[in-house]
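Written out below as structure tokens is the structure these notes cover.
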């Protein structure tokens, strides 16, 4: 093998090892980015559920109020992910809309059984409206 051929083989081996190392490190950082984005999204979804639940409890506990309307600004994305909030009879459900759909549920305890919960809100609205009156609670 001549000196030029061994130089080319050495160069090709060095290039393949370098490219493999670069691809492995890039994939590792990409995977970590996705993991932390999902972790931030689910943690922030829990916080949004807690904000909604706090407003519901404050509105329900206002005994002298016939009608309470609470408007709360919410982020359009959480963790870089779009989401949707649904309010049912016993649970607040925040669904993260992505390739693998995931959701965070917060139970609603110890509220009057006569209250009626319904409605949903997408994050495109950038606000959530909670209306509480004698007949029920709803998210618009």
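Just so you know, all these numbers are worked out from the coordinates, no wet-lab data involved. Only a predicted model underlies this, so the values are computations on that prediction, with no experimental measurement involved. All Cβ positions, glycine included, derive from the backbone under ideal geometry; neighbour counts span all protein chains shown.
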*Just grab the label-to-label distance for residue 82 and residue 34, each label 7 Å out from Cα along the Cβ direction, in nm (one decimal).*
2.0 nm
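Between residue 15 and residue 106, 0.36 nm times their residue separation minus their Cα-Cα distance comes to what? Mind showing how you got there, number by number?
Working: separation 91, 0.36 × 91 = 32.76 nm, distance 5.23 nm.
Full extension of this stretch gives 27.5 nm more.
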